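In what follows, a structure is listed as structure tokens, so that the remarks can point back to it.
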Protein chains: 2
Amino acid sequence: MASTSCRRPSPVFAALGDPTRVALLERLRAPGGRNLSALAVGTGMSRQAVSKHLGVLTHAGLVRASSRGRDTVYELDAAPLAEAAAWLDEFRALWDARLDRLDTFLHQLAPEETP
Amino acid sequence: MASTSCRRPSPVFAALGDPTRVALLERLRAPGGRNLSALAVGTGMSRQAVSKHLGVLTHAGLVRASSRGRDTVYELDAAPLAEAAAWLDEFRALWDARLDRLDTFLHQLAPEETP
DNA sequence: GGGAAGCGCAACCATTTGGTTGCATATCGC
DNA sequence: GCGATATGCAACCAAATGGTTGCGCTTCCC
């Protein structure tokens, strides 16, 4: 098979494709969790907009939301980040392997032309 | 500073967020490059749609396009993938460091309650 | 030279996305 | 109980996205 073995984490990449969501993740990197209002302040957006972005992040598995009485607490979950990094590394590794095989193939064909 | 040091590779993540584009990248992983028509066949899309996706990938730096006579040859450039993976690792590392500091802080506060 | 192949550009359309506002509901604290 | 706080849901809107078709230009090859 020429494809990577693990599943492609497209939702994670799509979630990370928006700088606003990345900024939210950086705010969530502090331990302890934040509620929606605390996350929305200073972003220049309404709470509802922030809530939508948090929904995308939650759907991608990057954020866990737990209802805590009156407000919902959002926490970072970095496990999908590790999966995404692993996919990137695997993709690159397979690509490099292809190039290495091409290199040896060219060497076998014409050793003097590929120093 | 609480932010990661390197710039956030949002365009790369946005480009990888579409499964169609990831499939194109996997087709491009074979060495030698492909022209537009070869990439479009079998995708169920028109050449123009594939060209737009290739434009997004090129803009993200994941693909290099070189004009080769009548047709343009597209080649994979995996360097942004490495940058993206590095960003993911750095983000996770900083987050883990925060958690570690919290852990030691809690230990200093009440050693018997955090086994 | 002339037909065919390959590509880019522009116009166009449907759907999704990113954002807003308004309102209803649940919860906390006095 | 009651006011204030925190959230979710629905409707709505502008802009971006993903796709199409058509046309024109360049390049190959016979």
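The values are calculated or read from the model by the stated rules, or taken from the named source; none is laboratory data. Computed from a prediction, not measured in an experiment: that's the story for all the values here. Positions of Cβ are generated from backbone atoms using ideal geometry, with glycine treated the same way; all protein chains shown enter the neighbour counts. Note: accessible area is taken over every heavy atom of the protein model, side chains too, but ligands, DNA and RNA are not part of it. Shrake-Rupley method; radii C 1.70, N 1.55, O 1.52, S 1.80 Å.
Average 1/r across all pairs of distinct alpha carbons in region B:9-77, invert it, and you get the Kirkwood radius: 11.9 Å. For GluC sites (Glu not before Pro), no site in region B:1-95 is both called loop by DSSP and has at most 10 other Cβ atoms within 10 Å. Ligands, DNA and RNA left out, the accessible area of region A:9-77 computed with a 1.4 Å probe is 50% carbon and sulfur. Label-to-label distances for B:Ala97 across copies, nearest first, come out at 3.4 nm, using points 7 Å from Cα in the beta-carbon direction. In the assembled protein chains, A:Trp95 presents an accessible area of approximately 40 Å² (probe radius 1.4 Å).
Given a 1.4 Å probe and the protein chains as shown, B:Asp96 ends up with an accessible area of around 60 Å². Loop-located trypsin sites (Lys or Arg not before Pro) in region A:1-94 (DSSP state other than H, G, I, E, B) with a sparse environment of at most 11 neighbouring Cβ atoms within 10 Å: A:Arg7, A:Arg70.
The interface between chain B and chain A buries about 3100 Å² of solvent-accessible area in total (1.4 Å probe, ligands and nucleic acids excluded).
Taking all protein chains together, B:Asp89, A:Asp18 sort by accessible area into B:Asp89, A:Asp18, largest first [probe 1.4 Å]. Taking 7 Å steps out from each Cα toward its Cβ at A:Ala79 and B:Ser37 produces label points 4.9 nm apart.
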